[in-house]
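Here the structure comes first, spelled out in structure tokens, and everything after it is commentary.
The values are calculated or read from the model by the stated rules, or taken from the named source; none is laboratory data. Only a predicted model underlies this, so the values are computations on that prediction, with no experimental measurement involved. Glycine also receives a Cβ, built like all others from the backbone with ideal geometry; neighbour counts cover every protein chain displayed.
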Amino acid sequence: MAVSCKRTAGILLWAAMLMMPVIPVLAQKNPVYSLADLVDSARHHLPVLLQKQALVSSAEAGITEAQHAFLPKVNVVEELSIGTANDLTGSFLPVPGVMHAISGGVTAANNYQAATSNIASVYGEYELVNFGLRGAKVGSARAFAGLQRADLARELYLVKWQIGKVYFEILKSRYQLAVDEEDIRRYQSMYTISSALTSTGINAGVDSSLARAGLSRTRVNYNQASGILLRLQQQLAYLTGIADPQIGGDTAGGKEEGMDRMGLMNGLPPVFGGDVRDSVNNPLYDYYTKQKLQYHAEEELIRKSYLPKVIVGAGGWARGSSIQYSNDYKSLGEGIGYQRLNYTAGLGLTYDLFNGVRRKDRLAVAGYQVTAAEYALQQQEQSLRNEEIQADESIRIARKNLAELPTQLQAATDAYHQKLAQYKAGIINLVDLSNASFELYQAQSAYIETLNEWYTASLDKAAATGTLDQFIQTLK
């Protein structure tokens, strides 16, 4: 009965192994997304990018607000009131509250008789000359909008970079999963052979136990690789908004030619490079450039804000009162209509004598901000240079290793097959065969790891030099 159960379990296991290569093929019925497709999906999905876009729209609306801030001011007033007109001639400060009459009293003694009055006025003014304040304010708004656009471009660029890293990590994990599947099959084969040899008495029972331990270890490795892949797929789904997106470069069973699909047999894509200070193509550098320009524009606005202003103003008003010129208090209805009409126009120069002190204080603050922005720009340039240098070194090492790894992989494959034949013939023990299998597994894993290092380093170099979009377009 136990033998029958083992045989049934073995048949089911082999059936499952045969179905494994079919699973990726079935998955291809779903849309396959290129790296460019994933980036485009993230552009319209991630809330942080939508937030940055809203801030750009707000800053662009601020330009229109700055332009309209210098339109003429026109105030229209209509006031109908009732109260006393018991006042005296004299000076006063125009403090907020009840407005006093500017003329003298109308009676010699106190008179608390109510009177009505009606006044309508219109007044307009325009800053005829503000010595460049309008241009400076609009320029500051434009600089801020430019900074917000650069911030959006930088955030999108970082998202592209992040998606690229996850993309290559998923490919690496899928290849590694295929290698682990193949490792399971090898140890399953070892276990089957050792069990057969043990049952005939050719080998000791310890071989079967060692093979079973190795098979269990390979399954643990497979489970860990599966977990890593699922977490990476979830990360990609979070970034793109696509549930379980299918991407290219899948393997079908872990064969060497399958692993090489993203690598040497089709040729590695070109490595892109450029100048990290190319603010047109490098959003990571352009953001700090725009930040510096924005602080300079703010500095210019401060200078212009404290200059004199030449204002032209004009107004007119109509007045009615129930008190006549002869100190005759008429009926309250007499004060509802308009009885006098006046107008005036003038040109004025306004300047606060303490503006010099205020301008100096604010320019000191702005000056430190400009200095900080310059240092931030220098720091970003150095960081990108360092990223480029490290990526170049990683690419150089990966190229050298990729030249050696096919030889190592082929030699490890040949050695394993030779050891397997020798073990079947009883010439060597299971430890020798396990060592050969481990060497093959290490060679396959090293090959995958090196390919991933090359792609990741190429991605990092493209991101640092502002050629990330070109690099992404080469990956179909």
Requested in this report: For region 427-444, name all the residues that are surrounded by fewer than 17 Cβ atoms within 10 Å (Cβ to Cβ) and either more than 18 Å from SER195 (Cα to Cα) or in contact with a Pro (Cβ under 7 Å, 6 or more places away or on another chain) (or both).
Outcome: ASN435, PHE438, GLN442
Query raised in the report: Which one of these is surrounded by 15 or more Cβ atoms within 10 Å (Cβ to Cβ), more than 30 Å from ASP328 (Cα to Cα), modelled with pLDDT of 90 or more and touching a Ser or Thr at 6+ places or on another chain (Cβ under 8 Å): ALA153, ALA136, ALA145, ALA141?
Result: ALA136
Requested in this report: Please enumerate the residues belonging to region 52-70 that are touching a Leu at 6+ places or on another chain (Cβ under 9 Å) and farther than 15 Å from ALA150 by Cβ.
Outcome: PHE70
Report task. Would you mind stating whether ALA412 is within 19 Å of GLU439 (Cβ to Cβ), aliphatic (A, V, I, L, M) and touching a helix residue (DSSP H, G or I) at 6+ places or on another chain (Cβ under 7 Å)? Result -> yes
Query raised in the report: When you go through ARG303, ARG319 one by one, which is the residue that is at pLDDT below 90, of a type in the set (D, E, K, R) and not in a loop (DSSP other than H, G, I, E, B)?
Result: ARG319
Query raised in the report: Being closer than 30 Å to LEU158 by Cα, part of a helix (DSSP H, G or I) and of a type in the set (S, T, N, Q), is that true of even one residue in region 405-428?
Result: no
**Report entry** Subset of region 270-300 (residues that are part of a loop (DSSP other than H, G, I, E, B), surrounded by fewer than 19 Cβ atoms within 10 Å (Cβ to Cβ), in contact (Cβ under 8 Å) with a residue 60 or more places away in the chain and of a type outside the set (A, V, I, L, M, F, W, C))
**Finding:** PRO270, GLY273, GLY274, ASP275, ARG277, ASP278, ASN281
Query raised in the report: When you go through LEU353, LEU405 one by one, which is the residue that is more than 30 Å from ALA115 (Cα to Cα), among the hydrophobic types (A, V, I, L, M, F, W, C) and either surrounded by 11 or more Cβ atoms within 10 Å (Cβ to Cβ) or in contact with a Cys (Cβ under 7 Å, 6 or more places away or on another chain) (or both)?
Result: LEU405
Query raised in the report: For ALA425, are the conditions met, namely being under 30 Å from TYR191 (Cβ atoms), more than 36 Å from the chain's Cα centre (by Cα) and modelled with pLDDT under 95?
Result: yes
Query raised in the report: Do any residues in region 166-193 that are over 28 Å from VAL39 (Cβ atoms) and at pLDDT 90 or above have Cβ atoms under 7 Å from those of residues that are hydrophobic (A, V, I, L, M, F, W, C) and not in a helix (DSSP H, G or I), where the two are at least six apart or on different chains, and which pairs are they?
Result: GLU181/MET20
Query - Yes/no for GLN382 being assigned to a helix (DSSP H, G or I), more than 24 Å from GLU79 (Cα to Cα) and without any contact (Cβ under 8 Å) to a residue 40 or more places away in the chain - result: yes
Requested in this report: Say whether the condition of being surrounded by 11 or more Cβ atoms within 10 Å (Cβ to Cβ), under 30 Å from GLY214 (Cβ atoms), touching a Ser or Thr at 6+ places or on another chain (Cβ under 8 Å) and modelled with pLDDT under 95 is met by at least one residue in region 392-401.
Outcome: yes
**Report entry** In region 364-380, the residues that are crowded, with 16+ Cβ neighbours inside 10 Å and more than 13 Å from GLN291 (Cα to Cα)
**Finding:** none
Query raised in the report: farther than 30 Å from LEU215 by Cβ and touching a residue at least 24 places away in the same chain (Cβ under 8 Å): does that describe TYR455?
Result: yes
Query raised in the report: Taking the stated definitions as given, is THR450 more than 15 Å from PRO283 (Cβ to Cβ), surrounded by fewer than 23 Cβ atoms within 10 Å (Cβ to Cβ) and over 23 Å from the mean Cα position of the chain (by Cα)?
Result: yes
Requested in this report: Sort out which residues of region 30-60 are assigned to a loop (DSSP other than H, G, I, E, B) and either more than 16 Å from the chain's Cα centre (by Cα) or acidic (Asp, Glu) (or both), and write them in order of number.
Outcome: ASN30, PRO31, SER34
Report summary line: Among (1) in contact (Cβ under 8 Å) with a residue 40 or more places away in the chain; (2) loosely packed, with under 11 Cβ neighbours inside 10 Å; (3) among the hydroxyl-bearing types (Ser, Thr, Tyr), TYR343 falls short only on (1)
